[in-house]
Amino acid sequence: MNLEEYARSLVERSITPGLAILAGRHGKIFFQNQWGYRSLVPERETLPERTLFDCASLTKPLITAFLAAYLSQRRQLDLADPVSRFFPSLPSDITLRHLLTHTAALPAWYPFYLYGSDSLAQFPHLPRNGRPGKRVLYSCPGYILLRHIIEKASGFPLPALAGEAIFSRLQLTDTFLRVPSDRRLEAAATEKGNRWEKQLCRKNHQRAARDFPWRESVIRGETHDANSFYSGGCAGNSGLFSTASDLFVLAREFFPSTTSTFTPETLRVFWARATLGKRSPRTIGFKLNCAWQTSGGAALAAEAIGHNGFTGTSIWLEGETASVFIILSNRIHPLVKTFNFDRVRRRLHRLIKRELGWR
């Protein structure tokens with residue numbers, strides 16, 4: 001089965017309503033196509049090339065970690081800084097580097113929105129999972145905290161800083177942290193209401209979740225992640241909307257030959273392993289492919305870096321070949337499925353390389 005046949009089969013078998021793929025090398029696009037639908041409910045709509053996808057956790061490396069490194073390069077913060085430098089009420093044993101590499105011993109997830117609009121005030125009371133630096137534990141709260149730190153260090157709200165330092169400077173006309181109301185129908189639809197997250201809350205936060213005003217209609221042009229949505233559209237962990245073409249322009253900023261943002265010294269933090277001796281090896285912002293137990297898979301180099309988004313998105317970068325692999329889908333529309341989408345991503349990477357004759 002070739003790439004075209006497999007991509008069509010994913011739509012036909014209802015693995016995902018829509019799928020967009022882009023692959024590039026040395027700053028140039030070599031393959032780009034899309035299949036399926038950007039919406040099934042309430043109406044079926046085909047998937048145009050410039051569809052805006054909810055990138056979900058791709059926000060972590062492409063926006064939050066990007067801006068942390070950007071401010072570090074400008075000497076407005078240091079990745080070794082303790083979080084208490086910015087907010088004295090927070091623990092002094094957690095550093096920005098811990099947050100960026102998911103080694104801060106913070107929980108994987110926490111519904112801040114159930115307990116008020118001020119997530120920062122809730123951090124001192126979050127449960128801790130051991131000592132910082134001991135192990136990797138993927139944490140959305142860690143990146144939500146980074147948002148507050150970035151805003152404190154820069155003096156700007158995160159969307160405004162991203163708009164100036166990334167979107168406007170790179171001329172990304174189809175990339176947003178808050179999609180304008182007149183462009184929301186250009187976005188791929190995601191879940192019908194927040195059913196998935198509502199079920200998570202019922203397990204450990206039943207009382208607070210009982211009377212919460214959950215979204216019930218199809219989510220479209222608004223971030224699916226509830227922490228992000230209820231904090232205004234972007235919480236540092238999620239909220240990015242973009243197209244495959246714009247994401248490719250953004251991905252170019254992580255390679256020495258095409259970046260217009262970072263010095264070689266700053267760029268190294270995105271590629272250098274920062275969690276030696278630990279499972280789930282991480283760099284600043286990204287996951288390393290070295291164990292091949294990732295969505296990158298054996299088709300990509302062991303030193304490749306990448307990240308997934310819950311909505312069905314992923315981006316992987318190979319340093320030696322300066323290659324970019326972008327997969328965008330709305331796999332959670334209209335309902336979240338338990339299917340292991342990483343298997344799909346790994347196979348797509350193999351087929352992309354075969355299609356292009358890349359080693």
Quiz item: Exactly one of (1) in contact (Cβ under 8 Å) with a residue 60 or more places away in the chain; (2) among the small types (Gly, Ala, Ser); (3) farther than 30 Å from ILE219 by Cα is unmet by GLY297. Its number?
Solution: (1)
Quiz item: What number of residues within the range 298-357 satisfy the criterion of being surrounded by 19 or more Cβ atoms within 10 Å (Cβ to Cβ), charged (D, E, K, R) and part of a loop (DSSP other than H, G, I, E, B)?
Solution: 1
Exercise. Quick one: PHE156 ticks every box in (1) in a loop (DSSP other than H, G, I, E, B); (2) touching a Cys at 6+ places or on another chain (Cβ under 6 Å) except a single one, so which number is it?
Key: (2)
Quiz prompt | Cross-chain or 6+ apart pairs with Cβ under 7 Å, the range 343-359 first and closer than 14 Å to ILE15 by Cα, then part of a helix (DSSP H, G or I) | solution = VAL344/LEU10; ARG347/TYR6
Quiz item: So which residues in the range 176-200 are within 13 Å of PRO111 (Cα to Cα) and buried (at least 20 other Cβ atoms within 10 Å of the Cβ), if there are any at all?
Solution: ASN194, GLU197
Practice problem: Say whether the condition of being closer than 28 Å to GLN206 by Cα and small (Gly, Ala, Ser) is met by at least one residue in the range 56-74. | Solution: yes
Quiz prompt | Lone qualifier among GLU5, GLU49 - being charged (D, E, K, R) and either surrounded by 14 or more Cβ atoms within 10 Å (Cβ to Cβ) or touching a strand residue (DSSP E or B) at 6+ places or on another chain (Cβ under 8 Å) (or both) | solution = GLU49
Self-check item: Within the range 122-143, tally of residues that are at pLDDT 95 or above and in a helix (DSSP H, G or I)
Solution: 6
Quiz item: Among THR294, THR338, which is the only one that is over 18 Å from the mean Cα position of the chain (by Cα) and among the β-branched types (Val, Ile, Thr)?
Solution: THR338
Quiz prompt | Set ALA65, ALA69, ALA108, ALA104: member being surrounded by fewer than 17 Cβ atoms within 10 Å (Cβ to Cβ) and either in a helix (DSSP H, G or I) or modelled with pLDDT of 95 or more (or both) | solution = ALA108
Quiz item: From the list LEU161, LEU146, LEU114, which residue is among the aliphatic types (A, V, I, L, M), modelled with pLDDT of 95 or more, part of a helix (DSSP H, G or I) and farther than 21 Å from LEU58 by Cβ?
Solution: LEU114
Quiz item: Hey, ARG183 hits all of (1) among the charged types (D, E, K, R); (2) in contact (Cβ under 8 Å) with a residue 60 or more places away in the chain; (3) outside any helix (DSSP H, G or I); (4) out of contact with any Pro (no Cβ under 7 Å at 6 or more places or on another chain) but one; which does it fall short on?
Solution: (3)
Quiz prompt | Given (1) in contact with a helix residue (DSSP H, G or I) (Cβ under 6 Å, 6 or more places away or on another chain); (2) in a loop (DSSP other than H, G, I, E, B); (3) among the hydrophobic types (A, V, I, L, M, F, W, C), number of the condition ALA208 does not satisfy | solution = (2)
Quiz item: Taking the range 35-47 as the region of interest, how many residues are free of Cβ contacts under 8 Å to residues at least 60 places away in the same chain and not β-branched (Val, Ile, Thr)?
Solution: 6
Practice problem: Consider SER14 carefully, then state whether it is free of Cβ contacts under 8 Å to residues at least 24 places away in the same chain, at positive phi and either crowded, with 24+ Cβ neighbours inside 10 Å or of a type in the set (S, T, N, Q) (or both). | Solution: yes
Practice problem: Among the residues of the range 226-279, write down those that are in a strand (DSSP E or B) and either among the aromatic types (Phe, Trp, Tyr) or surrounded by fewer than 21 Cβ atoms within 10 Å (Cβ to Cβ) (or both). | Solution: PHE241
Self-check item: Yes/no for ALA244 being farther than 23 Å from ILE326 by Cβ and touching a strand residue (DSSP E or B) at 6+ places or on another chain (Cβ under 8 Å)
Solution: no
Practice problem: Output the qualifying pairs, or none if there are none: Cβ atoms under 7 angstrom, residues six or more apart or on different chains, first residue in the range 58-87 and touching a residue at least 60 places away in the same chain (Cβ under 8 Å) and under 23 Å from LEU247 (Cα atoms), second residue basic (Lys, Arg) and in a helix (DSSP H, G or I). | Solution: THR64/ARG147
Practice problem: Test ALA80 against the stated conditions and say whether it is closer than 24 Å to SER314 by Cα and aliphatic (A, V, I, L, M). | Solution: no
Practice problem: Give the range 292-314 a look and list any residue that's β-branched (Val, Ile, Thr), closer than 23 Å to HIS224 by Cβ and in contact with a Leu (Cβ under 6 Å, 6 or more places away or on another chain), or say none. | Solution: THR313
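The values are calculated or read from the model by the stated rules, or taken from the named source; none is laboratory data. Just so it is clear, the structure is predicted and the values come from calculations on it, not from any experiment. Reconstructed Cβ throughout: ideal geometry from the backbone, glycine too, with neighbour counts over all protein chains shown.
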